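Presented below is the structure to which this report refers.
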Amino acid sequence: QVHLVESGGGLVQPGGSLRLSCVAQGSIFSINTMGWYRQAPGKQRELVAVVNSGGKLNYADSVKGRFTISRDNAKNMVYLQMNSLKPEDTAVYYCNAVYVLKVYWGQGTQVTVSS
């Protein structure tokens, strides 16, 4: 079993920055893919950014150039640095991990971009 715990959400003004962190807890050998998804009110959950164990990155077009995903395999952690935030980035952000062919989700952390 993998338990994902996110931190770092909050309220920020447009143009500001936030950094999300997620730690995977449990008896873990090697997690395949870790990443971030988000869900805005009334919308479906969507991919933000993911990184696999080999370091291959994938970003949503809407965040390219503004968000950076990184990963610390030794600590089973994944981070999302979010810069130049826009009101449309407002959503609940969920940490995601794929381990032994199973998908795990964190509880979510709220990110609100508003003046």
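The values are calculated or read from the model by the stated rules, or taken from the named source; none is laboratory data. Quick caveat: nothing in here was measured; it's all calculated off a predicted structure. All Cβ positions, glycine included, derive from the backbone under ideal geometry; neighbour counts span all protein chains shown. Heads up: the accessible areas ignore ligands, DNA and RNA and are worked out on the full protein's heavy atoms, side chains in. Shrake-Rupley method; radii C 1.70, N 1.55, O 1.52, S 1.80 Å.
Carbon and sulfur: what percent of the range 1-70's accessible surface (1.4 Å probe)?
Heavy-atom surface of the range 1-70 belonging to carbon and sulfur, 1.4 Å probe: 48 percent.
Note down the net charge around Gly108, summing +1 for each Lys or Arg and -1 for each Asp or Glu among other residues with Cβ under 13 Å from its Cβ.
Numbers: positive: Arg38, Arg45; negative: Glu6.
So the surrounding residues net to +1.
Would you work out which of Leu57, Thr109, Asn76 lies farthest towards the positive end of the dipole of the chain, given +1 charges on the beta-carbon of Lys and Arg and -1 on that of Asp and Glu, about the Cα centre?
Leu57
Provide the net charge surrounding Cys22, with neighbours chosen by a C-beta distance below 14 Å and charges set as Lys +1, Arg +1, Asp -1, Glu -1. Write out the running numbers ahead of the final one.
On the way: positive: Arg19, Arg38, Arg71, Lys75; negative: Glu6, Asp72.
Within the 14 Å Cβ shell, the charges total +2.
Name the shape class, rounded, prolate or oblate, that the alpha-carbon gyration tensor gives for the range 22-90, where a ≥ b ≥ c are the square roots of its eigenvalues, rounded holds for a/c under 1.5, and otherwise prolate holds if a/b is larger than b/c and oblate otherwise. Numbers along the way, then the final one.
Details: a/c = 2.24, a/b = 1.75, b/c = 1.28.
Here the range 22-90 falls in the prolate category.
Give the Cα extents of the chain along the principal axes, in whole Å, largest first.
43, 24, 22
How much accessible area per residue does the range 38-113 have, in Å², with a 1.4 Å probe?
Details: 4120 Å² over 76 residues.
Dividing the accessible area of the range 38-113 by its residue count gives 54 Å².
What residues qualify as long-range amide H neighbours of Lys86, i.e. H under 5 Å apart, gap of 5 or more or another chain, H built at 1.01 Å from N?
Placed amide hydrogens put Gly15 under 5 Å from Lys86.
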